[in-house]
1. Please report the projected area of region 188-250's Cα convex hull averaged over all directions, in nm².
2. Straight-line reach from Lys72: which lysines have a Cα under 25 Å away, not including same-chain ones fewer than 8 places off?
3. Taking 7 Å along the Cα-to-C-beta vector as the label spot, tell me the Glu196-Asp288 distance in nanometres, rounded to one decimal.
4. Roughly speaking, what is the centre-to-centre gap between region 71-98 and region 179-233 when only Cα atoms are used, to the nearest Å?
5. What translational diffusion coefficient, to the nearest whole µm²/s, does region 36-179 have by Stokes-Einstein, given a Kirkwood radius computed over alpha-carbon pairs, a temperature of 37 °C and 0.692 mPa s viscosity?
6. Counting every Cα pair in region 21-116, what percent are over 15 Å apart?
7. If r is the Cβ-Cβ distance from Ala349 to Asp227 and R0 is 35 Å, what FRET efficiency results, to the nearest 0.05?
8. Mean projection of the alpha-carbon convex hull of region 80-153 over all orientations, in nm²?
Amino acid sequence: MKALPWLCAALLAGVSATAISVPKQASAEGTLTVISWGGAYQESQRKAFMEPYAKETGTKINEGEYNGEIAKIRAMVESKSVTWDVVDVDTQTALAACAEGTLETIDWAKLGLDRSKFIGGDIVDCAVPNILYSTVIAYDTTKLNPGPTSINDLFDQAKFPGKRALQKNPFVNLEWALLADGVPMADVYKVLNTPEGVDRAFKKLDTIKKDVVWWESGAQPPQLLADGQVVIASDWNGRFFDAVKKDKKPFKIVWDAQAPDWDWWAMPKGGPNIDAAYKFIAWSSQPDPMAEQTKYISYGPANKDSGPKIDPAVLPDLPTAPDNMKNVLYVDPQFWADNGDQLRERFNAWLAK
């Protein structure tokens with residue numbers, strides 16, 4: 001995960017290089033099914049990628065939404081009934097699905113893209129880096145003043161009483177619990193790799209469990225905050241950015257222990273339109289469309305050549321801004337690829353108690 005600070009330097013210093021161009025398609029490419037995560041994020045993809053690509057190529061794009069379930073992709077591949085052409089996946093899904101043969105291996109030569117131009121391009125062979133986002137906490141400044149300043153405050157009911165909204169997933173929640181329990185940032189995964197460490201994380205989560213509202217869609221936390229149902233919420237930073245910029249909500253992000261990660265374009269194995277999927281991914285991975293996406297959501301583009309094309313006014317809202325990178329939890333996607341199923345099973349059993 002050491003490549004993440006590099007993205008900060010690439011975006012802020014500007015990386016000068018020649019953009020790779022994809023020739024404009026002369027004829028319609030047919031129909032393409034693109035699956036993503038919905039909400040403000042998918043809207044940003046629609047404006048920066050789907051709609052311009054459809055207009056330029058004549059391709060009809062059918063969009064769909066999911067919650068990142070690898071099981072859905074796996075079931076289609078195993079039954080040889082794949083209906084998705086391109087799917088936006090997170091890193092742990094990309095690694096796990098690649099290892100089990102659920103995703104197509106990326107032929108970078110066929111894409112016509114230089115793999116070295118992409119932050120994280122060497123992490124997984126079955127997906128193309130799309131954006132860098134971060135899981136963060138935020139609060140409503142009209143309800144909490146002063147508000148929380150560290151991840152420890154998420155667990156401090158004495159100082160900040162009230163409900164919290166957390167993702168219904170052990171991902172990041174276990175790491176944050178260990179940090180709040182005094183584990184140094186550098187030792188989080190060393191501790192979490194032990195049964196005792198997992199027990200310790202769940203014990204810390206026990207301290208706020210009765211006050212947690214569990215969310216499953218990224219659109220829920222801003223709404224929960226706005227409705228006053230919770231006083232602190234976790235979500236992907238772009239969702240809070242959208243609520244502040246578009247809906248004028250008085251939310252403030254706490255960047256302490258932000259957990260950056262990538263999202264990726266991938267193709268389920270045996271998809272019906274592999275050639276068309278390649279063309280869409282290649283087009284969407286160019287510097288200009290990736291920079292265009294930052295106008296609609298505060299995620300960092302993975303293509304290094306996008307940096308100089310980003311509006312400077314947007315940079316402070318990106319996870320990679322220097323002021324936001326002071327205390328970062330670098331998520332270990334391989335840990336989650338190896339242990340995710342087991343930890344999610346335990347997490348669901350813990351929730352049911």
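1. Over every viewing direction, the Cα hull of region 188-250 projects on average to 5.4 nm².
2. By straight Cα distance, Lys72 reaches Lys60, Lys80, Lys168, Lys269, Lys279.
3. For the pair Glu196/Asp288, the computed spacing is 5.8 nm.
4. Their Cα centres are 27 Å away from one another.
5. In µm²/s, the coefficient is 177.
6. Percentage above 15 Å: 68.
7. Numbers: r = 30 Å, r/R0 = 0.85.
In this case the efficiency is close to 0.75.
8. The Cα convex hull of region 80-153, projected and averaged over all directions, gives 8.6 nm².
The values are calculated or read from the model by the stated rules, or taken from the named source; none is laboratory data. Fair warning: this is a prediction, and the values are worked out from it, not measured in the lab. Here the Cβ is made from the backbone with ideal geometry for all residues, glycine too, and neighbour counts use every protein chain on show. When the accessible area is computed, the model is the full protein with side chains, heavy atoms only, and any ligands, DNA or RNA have been set aside. Shrake-Rupley method; radii C 1.70, N 1.55, O 1.52, S 1.80 Å.
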